[in-house]
Amino acid sequence: MGWTVTIGMITSLPFLIFSGPITEVLGHVNVIILGMVAYTVRLLGYSFIQKAVYVYPFEALEGFTMALMMTSAVTYVAKISTPTTIASVMGLMGSLFFGIGKGSGCLFGGLLMSWIGSIWTFRALAICSAVCAVVYLAFQLLFIWPRRRNQPQHQSNEEIHNSEGKDDIDSKNRIHDMNTKSTILDDNPVISPAGPGPHSMFNGSTLSLNGPASMLNTSLNGLNGASSIMSLGPRSITGGTRV
């Protein structure tokens, strides 16, 4: 009995060390199902051995059934829990496994051994472990995995909706800014200083800087001034048109 515990602990060490990479490759759910399958093989092996020395290979499965499975279960609980519920869920899992599970196993396992014998007790518990693995796998396939596949589509639809709403808000803000700037320009036109403004270099008219109309008037006045300069220029040598 001492050597069985020793073999189980030694074989569990590598699984404890490499439980992280193994879980990342296989996934939490697959590791948990693998642990249940290892329990089934281990219990069936106990029921068929004829010598005590043959128990050691099945004790070597302790790395799958305890170290790797429990490590994956703990990290899986931490993954699916929220920061406010992780402590409660961890405590619930520990009480179910180490409290109710192991306590009821010792109680009802001993009763079954007294009723049907140790061989059929191991076989009955192996069947129970296999049923648990099948039920857990069916639960994942029929409920959890379809829900996870639909979740990214739901999130993408929400992101599209939020993006469209954000674009509408941005467009409304741009329109509001344009209307505000237009109102400011209408309420505060650019007015030339009081009194006579700067004189035109062409005809001495006062320049006005009061918007597009004033700019057009300034351009026309400039053309008139240019025509007046042309009319006052010196005559050509031939006495023809003025330069």
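Taking each residue as 0.36 nm, the span from Val135 to Glu24 lengthens on full extension beyond its C-alpha to C-alpha distance by 37.7 nm. Once the Kirkwood radius over Cα pairs is known for the range 35-141, the Stokes-Einstein relation at 4 °C and 1.567 mPa s delivers a diffusion coefficient of 84 µm²/s. Using only Cα coordinates, the Kirkwood hydrodynamic radius of the range 1-75 works out to 12.6 Å.
Taking 7 Å steps out from each Cα toward its Cβ at Ile80 and Arg148 produces label points 0.9 nm apart.
Bear in mind these aren't lab numbers, they're just calculated from the coordinates by the rules spelled out. Predicted model only: the values in this text are computed from it and were never measured. Cβ atoms come from the backbone with ideal geometry, glycine included; neighbour counts cover every protein chain shown.
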